[in-house]
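Input: a single structure, listed below in structure tokens.
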Amino acid sequence: MSEITSIAVTTALLGPDYDSSGPVEMVLQEGLIAAIRPWAGVAPRLLAMPAVTDAHNHARPLSSASFGAALKPLELWLPQLATMPAVDPYTAAAAAFARSLRGGATAVMVHLTRAMGQRPLPQEAREIARAAQDVGISIGFAVAMRDRNPLVYGDYASVLSRLSPDAAQMVQKTWGAAPLAVADQIALVDEVAAAVADMDVHVDVQYGPTGVQWCSMDLLTAIADASARTGRRVHMHLLETRPQRHWADRSYPDGIVAMLDRIGLLSPRLTLAHCVYGRAAEYAAIARAGARIAVNVSSNLHLSSGIASVTAMQAAGVQVAMGLDGCALDDDDDALRELRLFHFLNRAPGFGTDGMTPQTALKAACATGRAGLGLPPGGVLAPGMPADLLLLDLDLLDPDALMPVDPRDFVMTRATRNMIRRIYAGGRLVLSDGRPSGVDIDRLHTDLRTQVRAGLPGTAALAALWPEIEDAIAAEYRGCC
Ligand SMILES: [Zn+2]
């Protein structure tokens, strides 16, 4: 792209400290910010800031709340996702990516924990990559891998024993299939990578062990070895909930993170999602290895997981990135509101100085996650950096306009996706006034809802038995921890 774009704005959050400065002109060329210089003329009432990199997501077609799965702990919510019918993978991914873009993210980590499965995964991956290309975003793409504990953390015979014969049969049918062999799971990731290799969009194919409680030691070791051999990155959930912590301590008395270190999984190639229940020594080991943690505050609130202490992670030297996990506070994929909540929940109380600052929040939201998606450094407005940026409406950010106030204060107190006027990804205009340029976001959602409604009869039997199954699963965890 040799085209040159010039953008004049009243103010911009510039450099690695995201300090407000302006008016400035930004020159975009060949996907990069070629220059930033003072602007002498009258600049439009816009604020430029780097676009968000969503360091942990799953590109789910529609919110699970629409399927009656809101306000449940992860251990119930996760199996309930099986009641959501499969839909066309392109439509599903394009809708999810369009929502992410509208929320302010130009790069999204896709941990594909729920493939639609209507065609071989390499073909489905191509459809997902095509969706990213059409929306104009970059993606990391972790192929979900798992081979144990399909329903609860341990043998689910006790769940079956609490169920009626119909429900027990449904559980076996839904979760009882034998997992793919370890070697086949590793090979599948290579096949997916080969299938998307020629596509003109950034797709970083990765190993995606879903979590230690869902992956045998054989599988985890094979992934660690394959990652060291191929250089492919790894994306995994870790210590998201209290029952997971409890299970980890029983299963790995010498420490679950020490085990990951021992088998070689901890490395700069690894991104760990959540780590809400990590301990200081575990954060230190993660930091030493150069792995990073993607924190998802709203998802943790929605799923009753708790509140991750980013302060403790950062005190241990961990590189912390922000993710949305498909579950923003208002269930709307708004990365700007997420940024504010992420910052508010991790500020030092009172006059303390050891908490999160606007700078560290912006770095986590915009810059740190990029390495986990195989992207070059960015998330900073400076010459030579990728031209991934948001233009916010200053009149919406500061409707009172009473006096000069640092506009970054408004970003950190009230910015939402509705204030985004334009988004550039790799120097290309990909969104104007809330509408992605490359796809019809309303039409995608209309199509998706039609497909889901058509598919609902296919999962109606499971949905009908779900309350009974949910009770039996909940009984496994009640009183735990
Ligand atoms: Zn997740």
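Nothing in this text is a laboratory measurement; each read-out follows from the coordinates by a stated rule. Since we're looking at a predicted model, the values are computed, not measured. Ideal geometry is used to build each Cβ from the backbone, glycine not excepted, and the neighbour counts take in all protein chains shown.
Summary of values
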read-out: Length-normalised contact order for the stretch 392-481 - Cα pairs under 8 Å, 6+ apart - percent; value: 15 percent
read-out: In order through the stretch 57-70: 3J(HN,Hα) via Karplus (6.51 cos²θ - 1.76 cosθ + 1.60), integer Hz, x for Gly, Pro; value: 7, 10, 6, 6, x, 9, 5, 5, 4, 5, 9, x, 9, 6
read-out: Cα shape, the stretch 418-481, gyration tensor, a/c 1.5 rule; value: oblate
read-out: q = 0.14 Å⁻¹, the stretch 138-248: log10 I(q)/I(0) [Debye, one scatterer per Cα]; value: -0.67
read-out: Centre separation in Å (Cα based) which lies between the stretch 95-132 and the stretch 181-253; value: 18 Å
read-out: Exposure proxy ranking, count of Cβ atoms within 10 Å, fewest first, for Y153, Y90; value: Y90, Y153
read-out: Volume per residue of the C-alpha convex hull in the stretch 70-220, rounded to whole Å³; value: 125 Å³
read-out: The stretch 1-138 - Rg (one decimal) and Dmax (whole number), Cα, Å; value: 19.7, 58
read-out: Added length on full extension, which subtracts the Cα-Cα distance from 0.36 nm per residue, D218 to Y252; value: 10.7 nm
read-out: The stretch 123-210 - charge dipole about Cα centre, Lys and Arg +1 at Cβ, Asp and Glu -1, debye rounded to 20; value: 480 debye
read-out: Estimated D of the chain in µm² per second, where Rh is the Kirkwood radius over Cα pairs and Stokes-Einstein applies at 37 °C, 0.692 mPa s; value: 143 µm²/s
read-out: Kyte-Doolittle at least -1.0, axis length at least 27 Å by Cα - qualifying DSSP helices, the chain; value: 441-477
read-out: Isotropic mean projected area of the C-alpha convex hull, the stretch 284-361 (nm²); value: 5.3 nm²
read-out: Cα-based radius of gyration of the stretch 370-439 once divided by 2.2 N^0.38 Å, which approximates compact folds; value: 1.28
read-out: Antiparallel bridges, percent of DSSP beta bridges restricted to the chain (to nearest 5); value: 50 percent
read-out: Under the Karplus curve 6.51 cos²θ - 1.76 cosθ + 1.60, θ = phi - 60°, whole-Hz ³J(HN,Hα) for the stretch 415-423, x wherever Gly or Pro sits; value: 5, 9, 4, 5, 8, 7, 8, 9, 10
read-out: Residue-span extension gain [A460 to Q29] - 0.36 nm each, minus C-alpha spacing; value: 149.9 nm
read-out: Exposure proxy order (Cβ contacts within 10 Å, fewest to most) of T271, T446, T210; value: T446, T210, T271
read-out: Ratio of Rg to Rh over the stretch 58-133 (Cα coordinates, Kirkwood Rh, two decimals); value: 0.97
read-out: Burial ordering of M145, M403, fewest other beta-carbon atoms within 10 Å first; value: M403, M145
read-out: FRET efficiency for A401 and D471, using Cβ-Cβ distance with R0 set to 41 Å, rounded to 0.05; value: 0.15
read-out: Rg ratio (alpha-carbon, reference 2.2 N^0.38 Å) - the stretch 148-192; value: 1.50
read-out: Relative contact order of the chain, defined on C-alpha pairs under 8 angstrom at six or more residues apart (%); value: 23 percent
read-out: For the stretch 411-451, average projected area of the Cα convex hull in nm²; value: 4.0 nm²
read-out: Given the chain, longest segment not containing exposed loop GluC sites (Glu not before Pro) (DSSP; at most 14 other Cβ within 10 Å); value: 31-481
read-out: Net lengthening on full extension, R37/W175 (0.36 nm per residue, minus Cα-Cα); value: 43.9 nm
read-out: Estimated Rh, the stretch 206-274: Kirkwood, alpha-carbon pairs, angstrom; value: 12.0 Å
read-out: Sequence-distant residues sharing a close amide H with Q319 (under 5 Å, placed H); value: I293
read-out: Estimated vicinal HN-Hα couplings, Hz - the stretch 394-405 in sequence order (Karplus 6.51, -1.76, 1.60; Gly, Pro = x); value: 5, 6, 7, 5, 9, x, 6, 6, 7, 6, x, 10
read-out: Compactness of the stretch 235-277, expressed as Rg and Dmax over alpha-carbon positions, Å; value: 10.3, 27
read-out: Relative contact order of the stretch 294-358, pairs being alpha-carbon contacts under 8 Å that are 6 or more residues apart, as %; value: 32 percent
